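This report refers to the structure that appears directly beneath it.
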Amino acid sequence: MILLQLSSGQGPIECCKAIGLAVNAIEKECRAENIEFDVVDAVAANEKGCFKSALLKLDSSFEEKAKQLALSWQGAMLWVCQSSFRPKHKRKNWFFSGQMFEVNEAKLDIGVMFQTCRASGAGGQHVNTTDSAVRAIHTETGISVRVESERSQHANKRLAKVLLFQKLEMLKQEQMTSQEKARWQQHWELERGNPVRTFKGEKFALVR
């Protein structure tokens, strides 16, 4: 399974807008390449169509194709556009980043305990009468996630593993030493000066 995490970092609302536009662009690319595309999780910003971060899942019968697409979105990226939120603002360069993760689902099952429970939300008779909701618990850290958005237990279990993987990756970053964080920040600043992709204008056109 291939995951692609998009983040606006500590950027302003314009960077969050770039995330929304990037998600739409990636969905179009996936459709053209017959790659299954899902938004697994997204942290919305205050404006419509704007996101602080988005976690995307890319699936394909040829996983290498999904991996290559995700890798093409990895690194710092630049959107050059006059702000629609602050028309008089002089700044036109808005940065965001992408990070690809390759998930080995078999390995992820190790050290993870699953519990099933009855879904609580609306969804008709099927949801209310079956134990389709799933809680995944990482036994070493105690971190857990609960998923009931899908109709089947199998689908909820797979999604729970994805979200648990993301939480564990975030924990790793939080546990970085101050020296490691300084190196990471330096790398990010360098990447900002050399974006892997540059987009221009309201239509988010890729500059080639």
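The values are calculated or read from the model by the stated rules, or taken from the named source; none is laboratory data. Keep in mind that this is a model prediction, so the values were computed, not measured. We place every Cβ from the backbone using ideal geometry, glycine too, and count neighbours over all the protein chains shown.
Scanning region 161-177 for residues that are of a type in the set (A, V, I, L, M) and either surrounded by fewer than 19 Cβ atoms within 10 Å (Cβ to Cβ) or out of contact with any Lys or Arg (no Cβ under 8 Å at 6 or more places or on another chain) (or both) returns 163, 164, 168, 170, 171, 176. Check region 70-93 and report whether any residue there is part of a helix (DSSP H, G or I) and of a type in the set (Lys, Arg). Taking every residue of region 70-93 in turn, none turns out to be part of a helix (DSSP H, G or I) and of a type in the set (Lys, Arg). Looking only at residues that are surrounded by 14 or more Cβ atoms within 10 Å (Cβ to Cβ) and among the polar types (S, T, N, Q) in region 150-160, which one is nearest to residue 56 (Cα to Cα)? Of everything passing the filter in region 150-160, 156 is nearest to residue 56 (Cα to Cα). Filtering region 58-77 to residues that are crowded, with 20+ Cβ neighbours inside 10 Å and over 14 Å from residue 101 (Cβ atoms) leaves 76, 77.
Evaluating residue 4 against the criteria (1) hydrophobic (A, V, I, L, M, F, W, C); (2) at pLDDT below 90; (3) in contact with a helix residue (DSSP H, G or I) (Cβ under 7 Å, 6 or more places away or on another chain) leaves one unmet condition, (2).
If you check 127, 147 for being at pLDDT 80 or above and of a type in the set (A, V, I, L, M, F, W, C), only one passes: 147.
A quick yes/no check of all residues on (1) under 20 Å from residue 198 (Cβ atoms); (2) assigned by TED's automatic domain parsing to the domain that holds residue 12:
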{"position": "57", "(1), (2)": "no, yes"}
{"position": "62", "(1), (2)": "no, yes"}
{"position": "71", "(1), (2)": "yes, yes"}
{"position": "86", "(1), (2)": "no, yes"}
{"position": "118", "(1), (2)": "no, no"}
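Let's see how each residue does on (1) of a type in the set (Phe, Trp, Tyr); (2) out of contact with any Leu (no Cβ under 6 Å at 6 or more places or on another chain); (3) assigned to a loop (DSSP other than H, G, I, E, B); (4) buried (at least 17 other Cβ atoms within 10 Å of the Cβ):
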position	(1), (2), (3), (4)
11	no, yes, yes, yes
14	no, yes, no, yes
27	no, yes, no, no
49	no, yes, yes, no
56	no, no, no, yes
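Taking the conditions exactly as written (assigned to a strand (DSSP E or B) and surrounded by fewer than 19 Cβ atoms within 10 Å (Cβ to Cβ)), does residue 101 satisfy them or not? Spelling it out, residue 101 is indeed assigned to a strand (DSSP E or B) and surrounded by fewer than 19 Cβ atoms within 10 Å (Cβ to Cβ).
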